[in-house]
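First comes the structure, then the notes that go with it.
Coordinate-derived values only; no laboratory data. Quick caveat, the model's predicted, so the values are computed rather than measured. Please note: Cβ atoms are built from the backbone with ideal geometry, for glycine as well, and neighbour counts cover all protein chains shown.
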Amino acid sequence: MTDKVYIFDTTLRDGEQSAGVGFTIEDKLEVARALGRMNVDIIEAGFPISSPGDLAAVSLIAREVKGPVIAGLARAANPDIDACWEAVRNAETPRIHVFISSSEIHMAHQLRKNREDVIEMARASVARAKKYVSDVEFSPMDATRSDPEFVYQIVQAAIEEGATTVNIPDTVGYAIPRDFEEFIRNIRKNVPDIDKARISVHCHNDLGMAVANSLAGVKIGGARQVECTINGLGERAGNTSLEEVVMAVRTRRDHFGLELGIDTSQIVAASRLVSQTTGFVVQPNKAVVGANAFAHASGIHQDGVLKARDTYEIMRAEDVGAPWNPLVLGKHSGRHAVLKRCNDLGLNVETTELVDVYRALMAIADDRKVIEDADVVAVVTALRAQAATGAA
Ligand code: KIV
Ligand code: ZN
């Protein structure tokens, strides 16, 4: 039997909680369709109680997007759960995702409830969701800052009421991989009915460790669902980046030994769509989807890649749906790359011309960040004109 890690995309819910992001209904449907094409396992389409518009958007996605499970988020309160059901009820496979905080700091200051009250609310809300739908996810919010014993208790209570996925959020991005994997392992050890549910991880990126924590939760902890977003969008510093988790599991299959259901060739298209609809620019050196993710600038690297791609590439641009144009000409480029670009442009530069072409291009390279194709054509044309005049 294959051991699969399920990809739960929350771009349209946690991603939409990024300051400055507000998707229209049309944006949401378009992004959900892109996620469907990518074959993500679960789409968390929104938080239906939060606004009539969000309820309508989740409901539209539930009707239109077939394939993935369509989930909605709900606090542990009846109106939230009822609104969530209303939104997801027409999905091919609906899920209700219920959460309540489990850390002392959240319970004391936000909920103003004690542990017994919170366990009761968790039980009642999972039981209510379960009346509507068989697929129920439960999250103890701020789990990584909670008393682990209390997390075991509340997770056990949720499973007793029928939760089929238990999600462990690092809500404030506080975890480090070593502690997080141990936390997940201890949940497996200390929750008596844990085998009746799938363990999920949901990590925020406040310390830049969301992907590392999620992968540690999977590899060593044994979690089999990762919650993530396209481009790592999300509350504050964002969430676990979908593209990084997926390509890490795929590229290092030797290490993880896990299957994925994702069509990775759709990754760059989804990244661009999310960037366009949110206005959040993807930094050029962003792993997997940045403009430079498969670009080589130094002469040594360019020469290596031209001889054999594996010298400096661990993934193929084509595998994530990006064109392979790896050579960026600039002041660090070598002759091999310049010759290749000249010939790609149909200039048929002879090796005898190359010394002068290279020298002339390097002379302008200091003033520019990148040597464009037009510069190459201009230099070769000018040198040939000079040579012709000299010969005449
Ligand atoms: O970060 C978090 O704790 C959440 C929960 C609602 C799962 O987003
Ligand atoms: Zn979150």
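Simple spin-label estimate for residue 386 and residue 343 gives 2.4 nm between the two label positions (7 Å along the Cα-to-Cβ direction from each Cα). Comparing mean-square fluctuations of 367, 206, 142 from a GNM of the chain with C-alpha springs under 10 Å, the top value falls on 367.
Helical runs (DSSP H, four residues minimum) scored at -39500 (n - 2.57) apiece and divided by the length of the chain put the mean residue ellipticity at 222 nm at -13500 deg cm²/dmol.
So if R0 is 30 Å, what FRET efficiency would residue 78 and residue 263 give, r being the distance between their Cβ atoms, rounded to the nearest 0.05? Walk me through the numbers before you get to the answer.
Working: r = 38 Å, r/R0 = 1.28.
That gives a FRET efficiency of 0.20.
Rounded if a/c is under 1.5, else prolate if a/b is larger than b/c, else oblate: which is the range 3-98, with a ≥ b ≥ c the root eigenvalues of its Cα gyration tensor? Judged from the Cα gyration tensor, the range 3-98 comes out rounded (a/c under 1.5).
Taking label positions 7 Å along the Cα-Cβ direction at both residue 113 and residue 185, the computed distance is 3.2 nm, reported to one decimal.
A simple count of charges around residue 12, restricted to other residues whose Cβ falls under 10 Å of its Cβ and scoring Lys, Arg +1 and Asp, Glu -1, yields -4.
For the ranges 67-73, 153-159, 179-185, what's the packing order if you count other beta-carbon atoms within 10 Å of each residue, average per peptide, and put the highest first? Before the final figure, lay out the partial values.
Working: 67-73: 26.0, 153-159: 23.4, 179-185: 19.7.
Highest mean packing first, the order is 67-73, 153-159, 179-185.
Suppose each label sits 7 Å from its Cα in the direction of the beta carbon; what would the residue 24-residue 351 distance come out to in nanometres? Taking the two extended label points, one gets 5.9 nm.
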